[in-house]
1. Scanning for something assigned to a helix (DSSP H, G or I), at pLDDT 65 or above, within 27 Å of LEU449 (Cα to Cα) and of a type outside the set (Lys, Arg), does the range 40-58 turn up at least one residue?
2. Tell me, which strands (runs of 3 or more DSSP E) lie completely within the range 427-534 with 2 or more residues that are within 30 Å of GLN416 (Cα to Cα) and in contact (Cβ under 8 Å) with a residue 40 or more places away in the chain?
3. Between residues in the range 253-277 that are over 19 Å from TYR299 (Cβ atoms) and residues that are open to solvent by less than 40 Å² (accessible area, probe 1.4 Å) and of a type in the set (Lys, Arg), which pairs lie under 7 Å by C-beta distance while being six or more apart or on different chains?
4. Tally time: how many residues in the range 507-533 are more than 21 Å from the chain's Cα centre (by Cα) and open to solvent by 10 Å² or more (accessible area, probe 1.4 Å)?
5. Restricting attention to the range 107-123, report how many residues are closer than 22 Å to PRO75 by Cβ and either assigned to a loop (DSSP other than H, G, I, E, B) or not assigned by the TED database to the domain that holds VAL82 (or both).
6. Restrict the check to the range 127-142 and report whether at least one residue is touching a residue at least 40 places away in the same chain (Cβ under 8 Å) and touching a helix residue (DSSP H, G or I) at 6+ places or on another chain (Cβ under 7 Å).
Amino acid sequence: MATLLPPPKRSKIHHDGAEIDKVEKKAALAPNVIVQFVSEDDGKPLAPPVNLPADFAHQGLESLVNKLSRQEDDPVPFAFHVILPSSEAVPTAPTRIRIATSIEKDVLSSPLCPYSTEDVITIQCAPQSVFRVRPATRCSSTLSGHSSPILCASFSPTGRSLATGSGDTTARLWNLSTETPSHVLSGHKGWVLCVEWEARERKLATGGHDGRVYIWDPRSGKAIGNVLKGHSKWVTSLAWEPIHINATNPRLASSSKDGTVRVWSMITRASEYVLGGHTASVNVVKWGGGGQLDRGILYTAGSDRCVRVWDADNGRLLHVLKDHAHWVTTLTLNTDFVLRTGPYDYTGKEPSSDAEAQSLASARYKALTATTPELLISGSDDHTLFLWDLFSLSPPASTGSTDEGSRASGGKLKPQARLTGHQRQVSHVVFSPDGRWVASASWDNSLRLWEGRTGKYIATLRGHIAPVYRLAWSADSRLLISASKDSTLKIWDLKTYKLKTDLPGHTDEVYCVDFVADKVVSGGRDCVVKIWKN
């Protein structure tokens, strides 16, 4: 015989018809807190402290900050976070709590939170891009043509064209409107190791294992002028002179395994000067703008464990940075994105002349460096990264430096921060387009996020099961994509610090990845180029 259950107890009803237990629970879960909104850029208060319900949603916080800062007519999206006190006992502990849902759920409920409902909670406000990039979710095209692994891939600054380099000694141009091959660039006698677009998209430079540098016309696919010869070993990296410094005939810098860096003139088709300070392979070269100095600066890193900083006008050595204990293999600048894209932004405006392009590029560069100087981060096989602030205090002395290292304020120039936590070699490091984030990839199968201005640790992103080779940011700094030896690409959401989309499809290691607009390109050992879209 089945057992009969007693009927459920009748709930007590409030005078307005709601259940008393639920009314009391709702009141208990929504305490009020006092909040002080401050700018992440300079730490200045945006408004007097306000008293808010702790369950105030993220969208409500955005509306309130815009109203308090009198931006109602042109509202700006914001990201909010709370700074945690640093822990000397656990240096890799999180340094911030991101507010994604509400103060109550993300801050007060966190075991790391040092605040109570009786404290004034200081919330850092970081303005976000006014546009949003859609994450890629599918492979729209698989482009075959290369007969050897794809070693490098790069979108043009506007995203209209794509260039790839391969071990089959050719580079290829692809039409992204039709997602079909456009031109085959033949001339190298060895692997094509690097491709680099000029910021106006008028030229494409390629460097190869044969030690030669070719300049190509992307419209015709023909080589421009003679091949640039001079390196005795293979070319490891290329960098164009920024458009805001020279819009008419920007020069090109190339680094090589032979331990030198050459700066080439596009007018004379010859090297203007050779930088020969490194005693081993130069692994990467970057051409920056020196922040508000408005002058070209060359940054080079080599297997001699040194990072060297040069005056690009005359090739004089400005700084020698010797803090790494192993090969320095990767560099990034917080201005990399605006230097790469030059006059082009999300509006798609096309400059009508070199003067207008230079003006637009200069305005974008100065807007980024108005509150933060040009910062450099170096990554090494010693498992660490260093954050360098070289030009914010005083202009570099152009009288030259010795191998004893540069002097700043009477002492040896020291890094602003040492970024530790990776367990194996750092393979790639890159600043976000807005300069607020830094992402690093390592052979320990993980990615790490750091604050772009201070170098403080934020989070570790785990999901790959093999070394991570390359990283790329979306233009709105909200998404990060990684390419790995495990044959997958992964897109990470910077709002939650978690995996957003997994992109399997390659059948072998993925060596290169690039992200522009809402398109992603990847290539690797399986000899195919894949285009990913939403």
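1. From the range 40-58, those assigned to a helix (DSSP H, G or I) are 58; that's our starting set.
Subset that is at pLDDT 65 or above: 58.
This time we only want the ones that are within 27 Å of LEU449 (Cα to Cα), so: 58.
With of a type outside the set (Lys, Arg) added as a condition, the list becomes 58.
Looking for residues that are assigned to a helix (DSSP H, G or I), at pLDDT 65 or above, within 27 Å of LEU449 (Cα to Cα) and of a type outside the set (Lys, Arg), one finds at least one in the range 40-58, hence yes.
2. Values: elements: 437-442, 446-451, 457-462, 468-473, 479-484, 489-493, 498-503, 510-516, 519-524, 529-533.
Ranges flagged: 437-442, 446-451, 457-462, 468-473, 479-484, 489-493, 510-516.
3. So the pair list comes out as SER265/ARG251; MET266/ARG251.
4. Of the residues in the range 507-533, 8 are more than 21 Å from the chain's Cα centre (by Cα) and open to solvent by 10 Å² or more (accessible area, probe 1.4 Å).
5. Summing the residues that are closer than 22 Å to PRO75 by Cβ and either assigned to a loop (DSSP other than H, G, I, E, B) or not assigned by the TED database to the domain that holds VAL82 (or both) in the range 107-123 gives 0.
6. no
The values are calculated or read from the model by the stated rules, or taken from the named source; none is laboratory data. No experiment lies behind these values; they were computed from the predicted model shown. Positions of Cβ are backbone-derived with ideal geometry, glycine not excepted, and every protein chain shown enters the neighbour counts. The area values use the complete protein model at the heavy-atom level, side chains included, leaving out ligands, DNA and RNA. Shrake-Rupley method; radii C 1.70, N 1.55, O 1.52, S 1.80 Å.
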